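Starting off with a structure, shown below.
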Amino acid sequence: MKNVLLVDDDLELSKSVIDLFDPNKYSFHHLNDGQATTGYVSQNRDDLDLVMVDVNLPSCSGLDILRNIKEIKENLPVIVISGFISTENAMEAMREGAYEYITKPFEVKQFIETVNKACGYAQDIGRSNTITGSAEDELASDEIIGQSPEIVEIAKLIGQVAKTDAAILIFGESGTGKELVARAIHRNSRRRENIQLSVNCAALSDTLLESELFGHEKGAFTGAYFKRIGKFEQCHRGTIFLDEIGDMSMLTQGKVLRVLQEKQFERLGGNETIKVDSRVIAATNKSLVQSMKDGSFRVDLFYRLKVVTIYIPPLRERKEDIPLLLDNFIHRYNRLLEKNISSVSKKAKALLQKHIWPGNVRELENNVHTAMVMAKSDVLQPEDFPVFSEDSNKVEIDLEGLQDNYTEMFARLIDPIFPKLIANGEGRVYHVMQSSMEKALISSCLKHFNSNQVKASEMLGISRNTLRDRISKYGIY
Ligand SMILES: Nc1ncnc2c1ncn2[C@@H]1O[C@H](COP(=O)(O)OP(=O)(O)OP(=O)(O)O)[C@@H](O)[C@H]1O
Ligand SMILES: [Mg+2]
């Protein structure tokens, strides 16, 4: 049961908000007076799981209440609700540590999801076992689906290692399910009652990443207006998932290594040494072996992280998982889209089985999703899937008169497929393009030289080792 404090002077709205939630999961306390809030939070600081507060209260501002609550209990999530969209308010709320800033009228589904998340029913990284929602719902999105020997082995390995505290390194191409596996490990561990959070090491600058991981003291750097608790600390007794660890700077790697070895660190700009017990799961789609050779990844960190390694093979190497994944995604999106798709036509199924899926399971899932939106009947046809749609295959490109202006050539090649890239790329377009380009280049070169690696590497101007690494990384035959 989660205890939620709702502070809003609009009684009608408050009632309808409370009615949105399952009374078996949530217990609400309602206050219409902002003044009384601080006292209530102080008295109930250990029992409260979430506070929702309206910005415009008669006696005071919801943002002041937010500040007061953060003084009393910094890690208590607070959702700030505003009657009108104000970027200033939104910025202020988030800066002061609000969990979320929502404007009325809000999208009910999204609102419920946010509240669930804030209450730990579904942490950043996904759902934990403690969720009391229907079991079927939970399984639907967190189950590792597959029947290939590779997936079965992975599932077994997860079962074996989950209960230990060993650091785990997961590697595999983009979209193969690394994060899904990380969630499964946490869900199956004795830490499952505690939090699991993920940090994308590629998405942030050095300082921001370190602040995200270790937290910072007020004034640690420009813009650090308030003390911040980092994710290592938040994940005490839980699990931290370091995604794209291959993109972490050497300096930050050193700090992470220290946490792994000594289980302690200091917040940015702080002197206090903080002890933590958080399990580390890391993932990468880069070859860390190569990065170690390049000198961009610490060897000692690599060995600390890879106590257990889990390799998830690309979907094209375990095609027997495709039918099961299809059934599952259809089932999932039928509910989500309120549709009634029964199956995939024979022809479409054969094509889906044959496709090489460079974006792996994510790409397959996105394709099924789009197909189900587009479908005109209850059986999915090839043309419903973006990968087989007419315009994605019939691309005419005029490369006349470009001589060796490669940039322009590539621009013309990319333009027609750009919408598809965006649709499937999920904010990873750069990465997808870069690796697809590299793979295509190496494949063409090998074909040209009849698979002679010495000649191919000479022509490409890369070492044979690098070439071999790319051949195995991309599974080029
Ligand atoms: N075996 C699987 N069963 C069900 N869903 C899967 C499976 N593998 C991947 N997915 C789904 O595919 C999508 C991508 O998975 P995930 O985010 O775990 O991949 P990833 O390896 O972390 O990718 P990236 O390297 O791009 O971060 C998710 O929606 C996930 O639920
Ligand atoms: Mg991932």
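Coordinate-derived values only; no laboratory data. Treat the numbers as computed from the prediction; the structure is a model and nothing was measured. Glycine gets a Cβ as well: all are built from the backbone with ideal geometry, and neighbour counts include every protein chain shown.
Would you mind estimating how fast segment 219-334 diffuses translationally, via Stokes-Einstein at 25 °C and 0.890 mPa s with the Kirkwood radius over Cα pairs, in µm²/s?
For the chosen part, D equals 144 µm²/s.
Let me ask you something else. Going through the cross-link list K306/K439; K347/K376; K231/K263; K2/K73; K339/K376; K178/K473, which pairs have a Cα-Cα distance over 19 Å in this structure?
Violating the 19 Å limit, Cα to Cα: K306/K439.
If you don't mind, there's one more thing I want to ask. Less than 13 Å Cβ to Cβ from D277, Lys/Arg counted +1 and Asp/Glu -1: what total charge do the surrounding residues give?
Net charge in that neighbourhood comes out at +3.
Can you give me the long-range amide H partners of S198? Hydrogens built in the peptide plane at 1.01 Å from N, cutoff under 5 Å, separation of 5 or more residues or another chain.
Excluding prolines and chain starts, which carry no amide H, the hits are I125, F241.
Further, regarding this structure: Could you derive backbone 3J(HN,Hα) for segment 300-311 from the dihedral phi with the Karplus parameters 6.51, -1.76 and 1.60 (θ = phi - 60°), listing whole Hz in sequence and x where the residue is Gly or Pro?
5, 5, 3, 5, 5, 6, 9, 3, 10, 10, 10, 9
Another question, if that's okay. Length gain on complete extension for the stretch D165 to S27, per 0.36 nm per residue less the alpha carbon to alpha carbon distance?
46.2 nm
With θ set to phi - 60° and the Karplus curve 6.51 cos²θ - 1.76 cosθ + 1.60, what are the ³J(HN,Hα) couplings of segment 261-272 in order, to the nearest whole Hz, using x for Gly and Pro?
7, 9, 6, 8, 6, 10, 5, 4, x, x, 9, 5
Residue separation times 0.36 nm, minus the C-alpha to C-alpha distance between S296 and E74: what's the value?
Contour length minus the Cα-Cα distance gives 76.3 nm.
Scattering from the C-alpha atoms of segment 317-394 alone, worked out with Debye: what is log10 I(q)/I(0) at q = 0.18, 0.23, 0.25 1/Å?
Log-scaled intensity ratios, in q order: -0.65, -1.09, -1.30.
Which order, highest average first, do 154-162, 457-465, 241-249 follow once you tally other Cβ atoms within 10 Å for each residue and take the mean per peptide?
Output ranking for 154-162, 457-465, 241-249: 241-249, 154-162, 457-465.
Hey, another quick one. Taking the alpha-carbon centroid of each part, what is the distance from segment 172-215 to segment 224-250 in angstrom?
8 Å
For N3 and H431, FRET efficiency with R0 = 56 Å and r from the beta-carbon atoms, rounded to 0.05?
Rounded to the nearest 0.05, the efficiency is 0.85.
How would you rank 356-369, 31-44, highest first, on the average number of other Cβ atoms within 10 Å across their residues?
Ranked from most to least packed, the peptides come out as 356-369, 31-44.
Quick one: length gained pulling V289 to R335 fully straight, 0.36 nm per residue minus the C-alpha distance?
Here the answer is 12.3 nm.
Now, a different point. Each residue of segment 398-414 in turn: what ³J(HN,Hα) in whole Hz from Karplus with 6.51, -1.76, 1.60 and θ = phi - 60°, glycine and Pro shown as x?
In residue order, the calculated couplings are 9, 9, 4, x, 9, 6, 10, 7, 5, 4, 5, 4, 5, 4, 5, 6, 6 Hz.
Restricting things to alpha carbons, find the Rg to Rh ratio for the chain using the Kirkwood radius for Rh.
Result: Rg/Rh = 1.00.
Can I ask one more? Can you list residues whose amide H is under 5 Å from M52's amide H, if they're 5+ apart or on another chain and H is modeled 1.01 Å from N?
Under 5 Å from the amide H of M52 lie the amide H atoms of L5, L6, V7, I79, each far enough along the sequence or on another chain.
Of all DSSP beta bridges in the chain, what percent run antiparallel (nearest 5)?
15 percent
Could you pull out every residue, at least 5 positions away or on a different chain, whose amide H is within less than 5 Å of the one on Q147? Hs are placed 1.01 Å off N in the peptide plane, and Pro or chain starts have none.
D321
Can you bin segment 2-119 into rounded, prolate or oblate? Criterion: square roots of the alpha carbon gyration tensor eigenvalues sorted a ≥ b ≥ c, rounded for a/c under 1.5, prolate for a/b above b/c, oblate for the rest.
Rounded.
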